[in-house]
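Trainee: Supplied in structure tokens, the structure appears directly below.
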Amino acid sequence: PDKLAGTAPGQISLTRMREGYRVHELTRQTRIYGCLTVTMSVHDRLAAATHTLRNRGQDAIVVPLNVQGEEIPPIIEECRSLGMVAFAHALPFSPATMNLPLLEDALEEWV
């Protein structure tokens, strides 16, 4: 867990946003990839994927989307309306995620 005062459980600290996700480098052209998850344990892997994409010259970021099962379809729809370009998941199998790549498969494709 983040030790930065003022960061609530489930929130990403400013330090992690700057260092892990490099939010200060985002532009209108930045491609946003989302990963549906019910746990915070994927943050380090997604931050590493973001760094790899940036180091390979891609203007992209991979962000976690913490969800519960019934939230998945509306979350995907809303994020797509905001311009997110791809999704993966680190969730148990469900009909709502059956057409989304698994996190491991997506990371191989993205990086």
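Trainee: Read through the list (1) in contact (Cβ under 8 Å) with a residue 40 or more places away in the chain; (2) surrounded by fewer than 16 Cβ atoms within 10 Å (Cβ to Cβ); (3) not polar (S, T, N, Q), then give the number of the only condition that P9 fails.
Mentor: (1)
Trainee: Here is a follow-up. Quick one: what pairs do we get from segment 33-48, first residue touching a residue at least 60 places away in the same chain (Cβ under 8 Å) and closer than 22 Å to G83 by Cα, second surrounded by 15 or more Cβ atoms within 10 Å (Cβ to Cβ) and basic (K, R), C-beta under 9 Å, 6+ apart or different chains?
Mentor: From segment 33-48, the pairs are C35/R45.
Trainee: Among the numbered conditions (1) surrounded by 15 or more Cβ atoms within 10 Å (Cβ to Cβ); (2) out of contact with any strand residue (DSSP E or B) (no Cβ under 7 Å at 6 or more places or on another chain), tell me where T50 comes up short.
Mentor: (2)
Trainee: Kindly establish whether V62 is under 14 Å from R31 (Cα atoms) and open to solvent by 30 Å² or more (accessible area, probe 1.4 Å).
Mentor: no
Trainee: Please specify each residue of segment 49-75 satisfying the condition of being without any contact (Cβ under 8 Å) to a residue 40 or more places away in the chain and assigned to a helix (DSSP H, G or I).
Mentor: T50, H51, R54, N55, G69, E70, E71, I72, P73, P74, I75
Trainee: Where residues in segment 65-79 are more than 13 Å from the chain's Cα centre (by Cα) and of a type outside the set (G, A, S), which of them is least open to solvent (accessible area, probe 1.4 Å)?
Mentor: Selected residue: I72.
Trainee: To continue, here is another question. When you scan segment 92-105, how many residues do you find that are crowded, with 19+ Cβ neighbours inside 10 Å and either modelled with pLDDT of 75 or more or out of contact with any strand residue (DSSP E or B) (no Cβ under 6 Å at 6 or more places or on another chain) (or both)?
Mentor: 2
The values are calculated or read from the model by the stated rules, or taken from the named source; none is laboratory data. These numbers come from a predicted model, not from an experiment. No Cβ is skipped: glycine too gets one built from the backbone with ideal geometry, and neighbour counts run over all protein chains shown. SASA here: full protein model, heavy atoms, side chains in, ligands and nucleic acids out. Shrake-Rupley method; radii C 1.70, N 1.55, O 1.52, S 1.80 Å.
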